[in-house]
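Right, one structure below, let's go through it.
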């Protein structure tokens, strides 16, 4: 019953953010046999930009990606990628979409250049264009001289970059990246995320990036889709996620209890978090209220810190969950 | 005041090294209108090959890799040795014909020193079929093919056509050399015409060989991503069935008393017992079909006579079974 999906093949960068959905699913269900339900009535519309697809392992992320590529038939429901129905237009979708699988998929005994060139050919590029675009793609992901070495000699980070380059080589309008940071060390993850963010922002390519670490990809996403057990938990833009997630951490050496009472009296709702207090930042006036409260009580202020709470925490039940070391995992 | 988890500016590690190259690209026009920021990314708005073009590209890539082209020097050793070995009889024949023009050619077009051809093709298929399919299975690269504008069976199709073509080259080029050697020494147009008439069925037999051996080789190789196992599997299958068929034929032809004691096949009547064991091995099946279709030169098995249809049927069963197995294999691999 999905209405004809409006997005056509070329949502150029100019209309990013305003055009219709690049991905749209309608009551999408996928069952393996009778026992396993990988996706359960998933209905979601994803706008251009960078979208985080978040869920625990086994939540259905990879299944969703394969359905969106037209590789797996859904059990029921419908899905469209870049406006093309996944059931009938798989080849068109795969012409316009780059895919980076989660698992290792590189032969060790070819060079990065040879490999990406060949896959460029497989994306439909003529020989010369494939060579040129392979060189460019590898450069974009930050592989220079290394690209003439055999893939088997690459570090994990370089291999992930080659996987990204092969997804990019066919000049896709959409990238589907399945756990691109898996197996990387923190600095490798950081630079992979920067790279993805840059491709999304500057190359004008829409990206859906899956991860089981929400705290990680929320930093680069315009919107988030959270799934759990094949069901949609929440889908929204980052802005609306973060609007409710700006908090101020106040730590005083003593008198925390008095400060709690004082802040409550001044209309804030402080919450205990470890040794400090958390209050939600409504607007700039919040800072003044806190300052006045602390000053009025004459308390020794130790720390005043604005925190963007991880979206992860929004999904947790209320409780003593605000305190979590920044930069965990 | 720090901002926890704030978005870092886009100029991360990856972007840093790019300044030098971006300038060369200038402002790239976008395909659909509008201009992409000048950061070196260029849209591609040139022609794209359709599915058929991609299959052709994969075919060409696979054909090259069957001969180790585009790989290291080591990958070329087996194909080159195989090819030289296969050409030797034709070259020997050419030399002999040049020295004594007019004599009967040493080598036939349709059997072409069948023992050597069997051995050489066994080695070629066992060594190179895994090169085409096992490598990709081993490195799990198939999802990357499937995420491109190909259908599920396009990959095995391209591989099969490519490997058939590779086998054809190994089988038919020596026949052409043989033909050239013969006609260069032949006197008169009728002799040339006679050679040509003999060559054509020979080429036809070569096609049968290539079509069947490529299918069997690829389906066996597609069972495992380990090249060594795949090579072993193919070699053992070809070798054991060939040995078994040959022994049984020998036993039946020379009578039970001549063969090893207690060998099977003895109870059968001599003629039928000699005609049927050839169904065991793909190589003897190929020879049975050759004789059934009218080939008269002696081969590894006696003329199957009125059992010839069984060889034709067996050929189709082996070919259909192998191709069906290959298709089933790649349906399954792709779905996971």
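Only the coordinates and a few stated rules stand behind these numbers; no lab work does. Just so we're clear, the structure is a prediction, and the values are computed from it rather than from any experiment. Please note: Cβ atoms are built from the backbone with ideal geometry, for glycine as well, and neighbour counts cover all protein chains shown.
Observations
- Between helix A:285-297 and chain A there is an angle of about 30 degrees, using the helix long axis and the longest principal axis of the Cα atoms.
- Between 0 and 90°, nearest 10: helix A:186-202 axis offset from chain A longest Cα axis: 70
- Between residue B:71 and residue B:244, the FRET efficiency estimated from the beta carbon spacing at R0 = 30 angstrom works out to 0.30.
- Euclidean distance between Cα centres, segment B:101-150 to segment A:168-230, Å: 43
- Estimated from helical segments only, the mean residue ellipticity of chain A at 222 nm is -9500 deg cm²/dmol, where each DSSP H run of four or more residues counts as -39500 (n - 2.57).
- Cα-based shape type of segment B:51-335, given that a ≥ b ≥ c are square roots of the gyration tensor eigenvalues and the cut on a/c is 1.5: oblate
- Stretching residue B:184 away from residue B:45 to a fully extended chain increases their span by 44.7 nm, per 0.36 nm per residue minus the current alpha-carbon distance.
- Relative to one another, the C-alpha centroids of segment B:280-306 and segment B:151-168 are positioned 27 Å apart.
- Residues listed by number, segment A:200-230, amide nitrogen under 12 Å from residue A:240 label point at 7 Å toward C-beta: A:223-225
- Taking other Cβ atoms within 10 Å as a rough exposure proxy, A:212, A:84 sort from fewest to most as A:212, A:84.
- Taking the fewest neighbouring Cβ atoms within 10 Å as the starting point, the ordered list for A:81, A:51, A:63, A:237 is A:237, A:63, A:51, A:81.
- In terms of its Cα atoms, segment A:244-315 spans 35, 24, 17 Å along the principal axes, sorted from long to short.
- In a fully extended conformation the segment linking residue A:103 and residue A:228 would gain 42.9 nm over its present Cα-Cα distance, using 0.36 nm per residue.
- Take the Cβ atoms of residue B:96 and residue B:332, set R0 to 51 Å, and the FRET efficiency comes out at 0.45.
- Inter-chain shielding of B:44-51 (mean C-beta neighbours from other protein chains, 10 Å cut-off): 6
- Residue by residue along A:195-204, Cβ atoms of other protein chains within 10 Å of the local Cβ number 5 on average.
- The order of A:140, A:103, A:118, going from fewest to most other C-beta atoms within 10 Å of their C-beta, is A:103, A:118, A:140.
- Angle between chain A longest axis and helix A:127-140 axis [Cα atoms, degrees, rounded to 10]: 20
- Per residue, the average separation of C-alpha pairs within less than 8 Å and at least 6 apart gives segment A:251-312 a relative contact order of 43 percent.
- Full-extension gain in nm, residue B:176 to residue B:236, via 0.36 nm per residue minus C-alpha separation: 18.5 nm
- Shielding score for A:249-258, defined as the mean number of other chain Cβ atoms within 10 Å: 0
- Förster radius 35 Å - calculated FRET efficiency between residue B:226 and residue A:187, Cβ distance, rounded to 0.05: 0.50
- Spin-label pair residue A:272/residue B:272, simplified geometry with 7 Å Cα→Cβ offset, distance in nm: 9.6
- Gaussian network model of chain A, Cα within-10 Å springs - most flexible of A:285, A:45, A:129: A:285
- Percent of Cα pairs exceeding the 28 Å cut-off, where the set is segment A:13-241: 27
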